[in-house]
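All remarks here apply to the structure that follows.
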Amino acid sequence: MSKPSIEKGVNFIKGQIDAPVASFFSSCIHCGLCAEACLFYTETGDPKQTPINKVEPMRRVWEQEFTVLGKLKSMVGLGKPVDEKVFSEWETLVYDGCSLCGRCSLVCPVGNDISGMIRKIREGFSAAGHAPEGLISATQRAVEIGSPMGVKLPAVKAQIRHLQADTGLSVPLDQQGAEYMVLLSSMEIMNFPEYLEAIARIMKQAGKSWTISSTAFEATNSGIQIGVSDLAKVIVERVVDAAEALGVKTVISPECGHAYTAIRWDGPNLIGRPYKFEVKHILEVLDELTVAGLIQTEGMETAKLTYHDPCQIARKGGIVEAPRRLLNQVASNFIEMSEPGVMNWCCSGGGGVSANERADEIKLTAFRRKKSQLDELKVETLVTACANCRLTLEEGLEANGMDIPVVGLTEMVAEHLVEDGTQKESAS
Amino acid sequence: MELNELLIWARGPAFNIALAIFVFGMLLRLFEILSLGRKEDLSAARGSGVAGGLRTILSRSLPRQTLFSREPLRIINGYLLHIGLFVVIFLYRPHIELFERLFGVSWMGLPTGVVDAVTAVTILSLFVALLIRIYNPVLRFISTPGDYLIWLVTLLPLVSGYMAYNHLLLGYTLMLTLHILSVELLLIVAPFTKLTHMFSFVLARWYQGYLAGRRGVES
Amino acid sequence: MSSLDQIEVMVEGEENPEMVRSVLSEITALLECWLTEGKPGVIDLQGLPLTATDYQQLEEKLGRGEVSITIQVLGKSQILETAFPGVWYVIHRDEVSNILTKQIEVIDIPSIVLSQRVEMEQALERLKSDSNMTF
Amino acid sequence: MSREIGNNPLDNGTFADHLEQNGVSRRGFLKFCTSMAAALALPAGSAEVMAEALAAAKRPTVIWLSFQECTGCTESITRSHTPTIENLIFDYISLDYHHTLQVAAGLQAEEARDQAMKAAYGKYLLIVDGAIPIKDGGIYSTIAGRTNLSMLEEAAAGAAALISVGTCAAYGGLPMAHPNPTGAVPVTDIVKDKPVMNIPGCPPIGLVMTSAIAHFLTFGRLPEMDQLGRPKAFYGDSIHDRCYRRPFYDRGLFAKAFDDEGARKGWCLYELGCKGPTTHNACATMKWNDGTSFPIESGHPCLGCSEPNFWDAGGFYEALSVPQSRMGETILKAGAVGVGVGAVAAALNQRNKAATVAAQETMTVDALKKES
């Protein structure tokens, strides 16, 4: 195994360049509007944070390797270098300064998918040894231990035992032929155990068979965040193998944005074939079950609350209406944030930023965008559907001395399930 | 005497050369782009990629509300520039005559006075664009010499055309010659600069729209 | 040889009040100048891009005055006073009635009307020699 | 102009004397000066100045040399069969040599020219119509065994000034058009040390010439000229700017065929190939055939005949904005080359990328770490 090198990095960038990338670079006229959509620019005011600038090394590789003009320019010594200095300089822009939220891609007048290119350029930066420490360790844990936070099966089993003891709900493990296979994110195991309980209650009421796999309970995929497809593939394969071995119909991605992107959209392309099962986000499943009348809710949250759209779920995942239908069913005072839905502002911790300690400062600066959105609304509760958003929001709110609880939508729905009185009491 | 010879050269051999370079260059760029290919997307589609691609080709012509409220001047100016260029290039009768010769189809033009006024607005919008490029910190940072080059190359035909029509500075014949030469410069430069976006934007929008369409995402 | 000018035509066309207005304002300025400084003024109507409609409008505006003089020399010339004393049309035609010049003169009397001193002296001589003749 | 050339009894009289003898009164003279001043666009009040100067002007000797030409220019200038006011000038000048108009022929004619040149050496006005072939020593056009070139060089040496009449003399015209088999050149290519005024046109307007001569007589020099050596008074504006159809151009109303509605309504002829915008001449104001009309008024686009290279400036019926090149052919050829080169570039790109991807090692966790 060769060590990281600049040459390797350039080659990996080169390998990522396809027709869409070439058309994007051919079309960019440097209008700079993408900066206005990027919270890492709007909150820092640093022109270097302009999204299209973050992929400048990739543009150079494209021009020099794949255009006749660029080759001619290189011949006469006009080509701009892509060297150690460039990798060092751009590393923080590519990782710390981008949450892969994709807002820039949606505003580009010529239609450039800039955030898609940042995802691609990370392949080169990681191969060149220019990935952030935090992400490398998370990825190492994800590959070697099975979870980026180092959560092992015993921890999950312990949580299942606690849950069964506390509530009497059953959590099936490795049940062959179940309809749903539920994935969890490490954060849900470590920080938000309410999620598992909510799932158990919902599945019980809906009367659906479900299971958790002992070999693939973890949904998050650090390989996607650090930008190493080969490792992302290893992580996805665990889920695919488990789901296909158990013969489940549907794999449910948890309340985690990039996990959904990894398993739903990137997975089949990483393993090179379509799945033999479906992948749905928990919100999609909840919406379906509600529409089918399989779960009913009662009572309303009266607190003034708003919903934070996770980028990977809404803008990049297309799940915008489902959470609103669910919220309106269980909350009487739901108000929209400014620019809701596909144009939401990122929590500032997506795309591996929250796993990268070096980016803590810029992350908090970028959080100011969310803060000002929340300041406008003066809500009592903030609902979201992504564990990573949730953690980032909680940290951000705390750092800003704001006392707003952040709640997962799935839990909130679960709390309002129509059940017999005693259970309801104990749950709330 | 040299002046008329120059006009004849500009309308004849020079235009041929410029047109040839334009066609050659644009095709080369198209091949360069398409040759890099795109992997088939194996994920289960939620919506239609084709519909999404086509929709985005059109929908990206309108700005997002959020962006418009942040940068109204830049966006309105962009519209003025592009609509202006469209009107000036495609709705001026003498130009239509050229396209008719080229493609065999003709269409209605606008009164010359209207085109003249639109030209003035378009020139103005280019200068506003330049000021924004110089004074906006982002634009100043990301702008390359090429950006200023294409600004100039776009400005020259507008200004020379305007000045020829309005008899400013130089005689009409000389101005007309300069106008034609500046258009030829534009044709020559276009395939090798960011001006390729005049065609490639369709591809770019298509690719992103296709991706979004498959995911059932609004784009 | 007849001239097309002699055919009566009704002029139809675009009205361009700007042109006529600017000619009128120049006439005003010239008349003012003549009255204050005694400097005559000339406007060459053919040098202006006036359409037939413009001419007609201008003529309507200026109207006709009391004096109209015809000079027969190298073709017909017409000197016509407008309704504004001091403002004259001076129209020179050649032998076949083509218009050579069409001008507006602002002066008490266009100089071409005046008898020339040299010729008056010659006339005097002719008269003197004539008076010696007997009838 | 049916007078005898080279034998004028009024050799020493002034212009005033000449007029008096012809029974033209002082008023007539003033009228003449007024119309000349107007034609030359001299400032108001110049008529009197002109009258004074002209009255005292001495009769000039004029020699007219015709080279590679069609006699159309002479026809144009002498077209009028009725005495017009500009003929006063023609009547007055001593046209000592004009091989089409003169009575004398052969040796006698050539002698007349020699005599006139000797008698008025350094003072005569030399008028030239037609281009001068210089290829192969100028043998492609000779008069009385002499090449046009040598005749012009000799005559120009003693001239006070020259007037090139017609586009051929002024800019080479038809003889010089591609491929120019005789090596024709305009007068200004040969005569560099004398003032030369060009009165281009195919043919030019007669009054323009008369006025130019009147100016020369009045002021002793040629009138103000533009960069192409043309009197500004007549060639200062383009046909387009003085065209009565200009409002239609501005409104975007164009005739598209000679028999369509636009043509009948008198709309602009730009799209039918009118070269008015790039053509400088006085046709639109002075008109032709005793002021009857000019080509555009008669429904035909301006050919641009008073401009240099007008024969080579593309089709007469091609709009000025249409490039004079085979655009379709160019596009096909350039397109073919573009596809060819593009295919090669594409193949290279694909090979380049495939090789790159193939050479990539599978990434592992260890490969992420710089030191370990």
Residues satisfying the stated conditions in region A:262-277, i.e. buried (at least 20 other Cβ atoms within 10 Å of the Cβ) and either touching a helix residue (DSSP H, G or I) at 6+ places or on another chain (Cβ under 7 Å) or among the aromatic types (Phe, Trp, Tyr) (or both): A:Ala262, A:Ile263, A:Trp265, A:Asp266, A:Gly267, A:Leu270, A:Tyr275
Evaluate the following for A:Gly45: is it more than 22 Å from B:Ile150 (Cα to Cα) and part of a loop (DSSP other than H, G, I, E, B)? yes
Residues that are modelled with pLDDT of 90 or more, basic (Lys, Arg) and under 30 Å from D:Pro195 (Cα atoms), drawn from region D:233-278: D:Lys275
Per the list (1) within 28 Å of B:Ile8 (Cα to Cα); (2) within 25 Å of the chain's Cα centre (by Cα), residue check on D:Asp136 breaks on (2)
Name the single residue that is nearest to the other protein chains (Cβ to nearest Cβ) among those in region D:279-293 being modelled with pLDDT of 90 or more and part of a loop (DSSP other than H, G, I, E, B). D:Thr279
Matching residues in region B:137-151 - criterion: being free of Cβ contacts under 8 Å to residues at least 40 places away in the same chain and either in contact with a Leu (Cβ under 9 Å, 6 or more places away or on another chain) or within 10 Å of chain A (Cβ to nearest Cβ) (or both): B:Pro137, B:Val138, B:Leu139, B:Arg140, B:Phe141, B:Ile142, B:Ser143, B:Thr144, B:Tyr148, B:Trp151
Counting only residues that are more than 14 Å from chain B (Cβ to nearest Cβ), modelled with pLDDT of 90 or more and farther than 20 Å from A:Asn191 by Cα, give me the helices (runs of 4 or more DSSP H) lying completely in region A:100-158 with at least 2 of them. A:114-127, A:133-144
As an exercise: evaluate C:Glu81 against (1) surrounded by 20 or more Cβ atoms within 10 Å (Cβ to Cβ); (2) among the charged types (D, E, K, R); (3) within 14 Å of another protein chain (Cβ to nearest Cβ) and give the number of the one condition it does not meet. (3)
Show the residue pairs meeting these rules: Cβ distance below 9 Å; 6+ apart or different chains; first residue within region D:328-354 and more than 8 Å from chain B (Cβ to nearest Cβ); second residue β-branched (Val, Ile, Thr) and loosely packed, with under 14 Cβ neighbours inside 10 Å. none
Restricting to region A:221-241, name every residue that is in contact (Cβ under 8 Å) with a residue 60 or more places away in the chain and touching a strand residue (DSSP E or B) at 6+ places or on another chain (Cβ under 9 Å). A:Ile235, A:Arg238
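Looking only at helices (runs of 4 or more DSSP H) that lie completely in region B:110-179, which have at least 3 residues being exposed (fewer than 15 other Cβ atoms within 10 Å of the Cβ)?
It comes to B:112-135, B:145-165.
Regarding region A:343-365, can at least one residue be identified that is free of Cβ contacts under 8 Å to residues at least 12 places away in the same chain and within 14 Å of chain B (Cβ to nearest Cβ)?
Checked region A:343-365: no residue is free of Cβ contacts under 8 Å to residues at least 12 places away in the same chain and within 14 Å of chain B (Cβ to nearest Cβ).
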Output the qualifying pairs, or none if there are none: Cβ atoms under 8 angstrom, residues six or more apart or on different chains, first residue in region D:243-263 and at the interface with chain B (Cβ under 9 Å from one of its Cβ atoms), second residue surrounded by fewer than 19 Cβ atoms within 10 Å (Cβ to Cβ) and part of a loop (DSSP other than H, G, I, E, B). D:Asp250/B:Pro111; D:Arg251/B:Pro111; D:Gly252/B:Pro111; D:Leu253/D:Lys265
Taking the stated definitions as given, is C:Lys76 under 14 Å from the mean Cα position of the chain (by Cα) and surrounded by fewer than 16 Cβ atoms within 10 Å (Cβ to Cβ)? yes
Of the residues that make up region A:76-86, is at least one free of Cβ contacts under 8 Å to residues at least 12 places away in the same chain and of a type in the set (Gly, Ala, Ser)? yes
Subset tally (residues that are of a type outside the set (A, V, I, L, M) and away from every other protein chain (no Cβ under 13 Å)) for region A:250-273: 5
Among the residues of region A:7-18, is there at least one that is surrounded by fewer than 24 Cβ atoms within 10 Å (Cβ to Cβ), more than 11 Å from chain B (Cβ to nearest Cβ), of a type in the set (S, T, N, Q) and outside any helix (DSSP H, G or I)? no
Being farther than 18 Å from A:Gly116 by Cβ, more than 14 Å from chain D (Cβ to nearest Cβ), surrounded by 18 or more Cβ atoms within 10 Å (Cβ to Cβ) and of a type in the set (Asp, Glu): is that true of B:Glu71 here? yes
List the helices (runs of 4 or more DSSP H) inside region B:1-60, counting only whole elements, that have at least 1 residues being at the interface with another protein chain (Cβ under 7 Å from one of its Cβ atoms) and within 30 Å of D:Leu320 (Cβ to Cβ). B:2-9, B:15-34
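The values are calculated or read from the model by the stated rules, or taken from the named source; none is laboratory data. In this text, all values refer to a predicted model and were calculated from it rather than measured experimentally. Ideal geometry is used to build each Cβ from the backbone, glycine not excepted, and the neighbour counts take in all protein chains shown.
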